[in-house]
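Below: one structure, written as structure tokens.
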Amino acid sequence: MSETTEKKQSAAATIAPVTDGPLVVKNPPPLYDWTGDAYPKKNVLSLCRCGASHDKPYCDGSHKKIGFTSACQKRHIPDHDDAYEGKHITIHDNRAICSHAGICTETLKSVWRMGIEPWIDPDGAKTQDIINVIQQCPSGALRYTLKNKASSATDHGTARITVSKDGPFHVEGAIDLQTHEQGQWGKGADKRRYALCRCGASTNKPFCDGSHWYKDFQDDDATLSITHRQPTPEETRTVWYKVADKGSLPEGRVRTVTAGKQTIALTHFQGQYGALKNRCPHQGGPLGEGSIEKCYLRCPWHGWDFDPINGKARKGSGYDDVAAYPVECRDDGIYVAVQESLAMPRTISNVMVETMVAWGVRHVFGMVGHSNLGLADAIRIEEEKGRLTFIGIRHEGAAAFACSAYGKLSGKPAACLTIAGPGATNLLTGLWDAHIDRAPLLALTGQVNTQVLGPGAFQEIDQSSAFEAVAPFNHTVLHTSRHADLMSLAMKNAIVRRDVAHLIFPDEVQNIPADKKSVASSPRGRIARTHIAPDERDITEATYRIGHARRPVIILGHGVARDSMDDMRALADKINAPIMTSFKAKGIIPDSDPLAAGVLGRSGTPIASWLMNESDLIIAFGASFSDHTGIDKSKPIIQVDFDRMALAKFHPVTLPIWGDIRTTAQRLLNALPQQTACIDQRQDIKARWALWREEKKRRGREDNKKGVNAAALFDVLSRHIPHNAVIAVDVGNNTYSFGRYFECTAQTILMSGYLGSIGFSFPAAMGAWAYEQTQEQPRPIISISGDGGLGQYLAEFTTAVKYRMAITHILLNNNELGKISKEQRDGRWDVWQTSLHNPDFAQFATQCGGKGIRVDRIKQLDNAMRDALASSGPALIDIVTDPMLI
């Protein structure tokens, strides 16, 4: 059929909803399934809309048996056309008629932002990209206007109806919906692109309103039309595989071969070939590694004997036989026939990983091993579908640090995967980092079979006890568990509590077939909004204290999100208050801002400490009051935090305020009078910065001829590191120097805050790189460490090479644990056992397949930075530094 003929035929198509019955389509256009395959052509279609048909998508009369009604209910979302106005385009959205297909939120996450208010940002992408997405909206809920003109009509092309997976009928083109019963099109609806309910639960029939998500409507493959039914795991086919060349296996020998996904012990005995299951029935010993002795194939583990051709156990032994496969000796080689399922069986691991993905996990870091193979295969399937990415690491500790940094940067959990025993215990340091710094993280660990738990099986440890302190949610997956709900609870704990959630997967449980009714769960209806409004009495007292203070200062901690900085800056501007940060919040305000006072504390600047000393009121947002920050507790303090336990945690404060930080800042800003007693401190800030910058220059000119000076080094880095970079810093003198000397513009800083774990920076950079790959415009990733820190996870440089991670690592190499040497000298101890024996790190990076650059003079660093930042993969700059000039 030509396209012209098809358009003419489809132009006359009509859809008529039958009262309490199906959708009748006359002169129907092509009907497609969600994979793009066409259903057989029919003159009239009777499409199921009650959700109960056993011949989906067609009606089979089930609506009469279940008492289906097409009457509408009151909409659970009011018909309301919202307008989001941007610089170039206004996006109109009617939630009441949205079918929740997810095209907008998955395609342009920078515009349609889940969990952020306002959830639509019309300036978050190019105008044409936004238009392209709106024109794909299957429900007609989205439209746009440009320069106060209505959006032009969308050319929907050839008429068609698509059966979406577990969702509505998507109707496109000139297909007349002859009646819409009591339902409403909705304000702004597109009548040439709409979605019709297929689950039977919509409150606005015949239109879809997204109720299929709440109903958990599922297309059972076994009940789809037979022409589109998916095969079941029980259905098999015989497949012949060539497993060896003729003559390659000598007489009297056995070898392990693979046929498809089957591992087989191939034997050659007395001129015949045999193919046996490569698993002894005793303890699973690999028969392909055995030997043929005295006419029997002997298992290499415990000596059980079997006929090498047919697998029969030695007479009188009492052993079970070994399964044998058909074998053919053909001209071109030896072939073995195996039975393969037409579909892989769906296991509880599949259900749980699908749920994990539905909750937003996009990256898994870890190592595949013998006690997590079932779970790993479920992750593989989701990766092949393009729903997540697996990154195989060299040490499980690096996986945990990568996930911790991922959570700190994004506020979303990544997952780490390990085997039982040592794989699980290797996670603990990184998990403690996430736990203490409040980063969401999901840990998935294999475990030995449940039947051997307790006596002390190989690689068995009591994981529940080992992880109890670090993971508030810490559970073992059992065959009786409600598997989707268990994963949902793990994800909810990680996200809401911003903490570690841990699930233990016994080996055999991972492979248990899932119940046919088991479906993945999602966060819909399970996560509340996070905006907590402070008590008005607290706002009244706070505004009184702020309004009467002369020299208030604002301290911002790691709990302050970047999207609240406009409100923070406006509040500071209104009361002329310097803004200083904790070390973990470094970079949240540019150091060039007239009100920026730098970092407060041991890793900070004299600017912040001077201004705090002169202050008469401290206003702290999202700060933890650690010893390293050194907030003067003797001064009047207003502390704001979303976590009630963080308020006055270490000592009493004048006014603790519980509330969302951004909401509280807005309330304070609106409640403050126009005139306050606060003096303008900008000149003090400017003068203090001038003094400090002059001091940095003096320090930068010092030279002991023993390596690069830290002050000079970070001056160069301040000029070269991109303004939008994510910088992962380590622990040690390198970190203190970074805090003092590096001047931030808009960079985001990641660090091991309360735990202070050496080795954090490079794995953290891998986690940051992974997260940035999910963004429309990934930011540059920088890692900074000393030689002691890099040595902890040096092998992960090969991981970065494997996945072509564009990470620039700045290595301050002084051949010792300089921070410890300093502490020994300060404590009048002898400097002892802090020296390091290092490789040529630049050469190491090159040998791994990355870029390695050696710098031993400051004048070489400019060119080195340019070369490293231009690299498409990982680059390492090995800088010889003076341990005394920090």
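The values are calculated or read from the model by the stated rules, or taken from the named source; none is laboratory data. In this text the structure is predicted, and so the values were computed from the model without any measurement. Cβ: placed from backbone, ideal geometry, glycine included. Neighbour counts: every protein chain shown. With ligands, DNA and RNA removed, areas are computed over all heavy atoms of the protein, side chains included. Shrake-Rupley method; radii C 1.70, N 1.55, O 1.52, S 1.80 Å.
Things to note:
For every residue, the table says whether it meets (1) surrounded by fewer than 23 Cβ atoms within 10 Å (Cβ to Cβ); (2) of a type in the set (Val, Ile, Thr); (3) in a helix (DSSP H, G or I).
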{"site": "812", "(1), (2), (3)": "no, no, no"}
{"site": "819", "(1), (2), (3)": "yes, no, yes"}
{"site": "825", "(1), (2), (3)": "yes, no, yes"}
{"site": "830", "(1), (2), (3)": "yes, no, no"}
{"site": "843", "(1), (2), (3)": "yes, no, yes"}
{"site": "847", "(1), (2), (3)": "yes, no, yes"}
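- Positions within region 480-503 being crowded, with 24+ Cβ neighbours inside 10 Å, aliphatic (A, V, I, L, M) and part of a helix (DSSP H, G or I), in sequence order: 487, 490, 491, 494
- Residue check for residue 632: of a type in the set (Asp, Glu), at pLDDT below 90 and in a loop (DSSP other than H, G, I, E, B): yes
- Scan of region 256-276 for residues that are under 15 Å from residue 310 (Cα atoms) and either crowded, with 19+ Cβ neighbours inside 10 Å or in contact with a Lys or Arg (Cβ under 9 Å, 6 or more places away or on another chain) (or both), ordered by number: 264, 265, 266, 267, 268, 269, 273, 274, 275, 276
- Note on region 62-82: among residues that are of a type outside the set (Val, Ile, Thr) and open to solvent by 70 Å² or more (accessible area, probe 1.4 Å), the one that is nearest to residue 189 (Cα to Cα) is 80.
- Per this entry, residue 372 is not counted among residues that are touching a helix residue (DSSP H, G or I) at 6+ places or on another chain (Cβ under 6 Å) and not hydrophobic (A, V, I, L, M, F, W, C).
- Note on region 787-798: residues that are open to solvent by 10 Å² or more (accessible area, probe 1.4 Å) and among the aromatic types (Phe, Trp, Tyr) amount to 1.
- Residue match in region 777-786 (condition: assigned to a helix (DSSP H, G or I), open to solvent by less than 10 Å² (accessible area, probe 1.4 Å) and closer than 18 Å to residue 873 by Cα): no
- The strands (runs of 3 or more DSSP E) found entirely in region 318-393 that carry 1 or more residues being at pLDDT below 95 are 327-330, 333-341.
- Residue in region 657-670 that is of a type in the set (Lys, Arg) and surrounded by fewer than 13 Cβ atoms within 10 Å (Cβ to Cβ) present: no
- Unmet requirement for residue 38, which otherwise passes all of (1) closer than 17 Å to residue 170 by Cα; (2) hydrophobic (A, V, I, L, M, F, W, C); (3) at pLDDT below 85; (4) surrounded by 14 or more Cβ atoms within 10 Å (Cβ to Cβ): (4)
- Going through (1) open to solvent by less than 40 Å² (accessible area, probe 1.4 Å); (2) under 27 Å from residue 493 (Cα atoms) one by one, residue 589 falls short only on (2).
- Only one entry in 257, 239 is part of a strand (DSSP E or B) and under 26 Å from residue 302 (Cα atoms), namely 257.
- Filter result (among the hydrophobic types (A, V, I, L, M, F, W, C), outside any strand (DSSP E or B), under 24 Å from the mean Cα position of the chain (by Cα) and at pLDDT 90 or above) within region 504-519: none
- Residues being out of contact with any strand residue (DSSP E or B) (no Cβ under 8 Å at 6 or more places or on another chain), open to solvent by less than 10 Å² (accessible area, probe 1.4 Å) and under 22 Å from residue 357 (Cα atoms) - total across region 406-439: 1
- Residues being within 20 Å of residue 485 (Cα to Cα) and not aliphatic (A, V, I, L, M) - total across region 348-386: 9
- Just one residue in the set 876, 885 is in contact (Cβ under 8 Å) with a residue 40 or more places away in the chain and outside any loop (DSSP other than H, G, I, E, B); that residue is 876.
- Taking the criterion of being touching a residue at least 24 places away in the same chain (Cβ under 8 Å) and within 19 Å of residue 769 (Cβ to Cβ), the residues of region 836-873 that qualify are 845, 848, 849, 850, 851, 852, 865, 868, 869, 871, 872, 873.
- Among the residues of region 328-361, just one is hydroxyl-bearing (Ser, Thr, Tyr) and open to solvent by 40 Å² or more (accessible area, probe 1.4 Å), namely 341.
- Each residue in region 41-64 was checked for being under 37 Å from the mean Cα position of the chain (by Cα) and among the small types (Gly, Ala, Ser), and 2 pass.
For every residue, the table says whether it meets (1) under 16 Å from residue 707 (Cα atoms); (2) at pLDDT 95 or above; (3) not aliphatic (A, V, I, L, M).
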{"position": "813", "(1), (2), (3)": "yes, yes, yes"}
{"position": "821", "(1), (2), (3)": "no, no, yes"}
{"position": "850", "(1), (2), (3)": "no, yes, yes"}
{"position": "856", "(1), (2), (3)": "yes, no, yes"}
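- Residue selected from region 849-862 under the condition under 28 Å from residue 802 (Cα atoms) and in contact with a strand residue (DSSP E or B) (Cβ under 8 Å, 6 or more places away or on another chain), by the criterion surrounded by the most Cβ atoms within 10 Å (Cβ to Cβ): 855
- Inter-residue pairs, beta-carbon under 6 Å, first at positive phi and in region 666-685, second at pLDDT below 95 and open to solvent by 50 Å² or more (accessible area, probe 1.4 Å), 6+ apart: none
- Residue satisfying all of: in region 21-74; in contact (Cβ under 8 Å) with a residue 40 or more places away in the chain and among the hydroxyl-bearing types (Ser, Thr, Tyr); farthest from residue 198 (Cα to Cα) among these: 39
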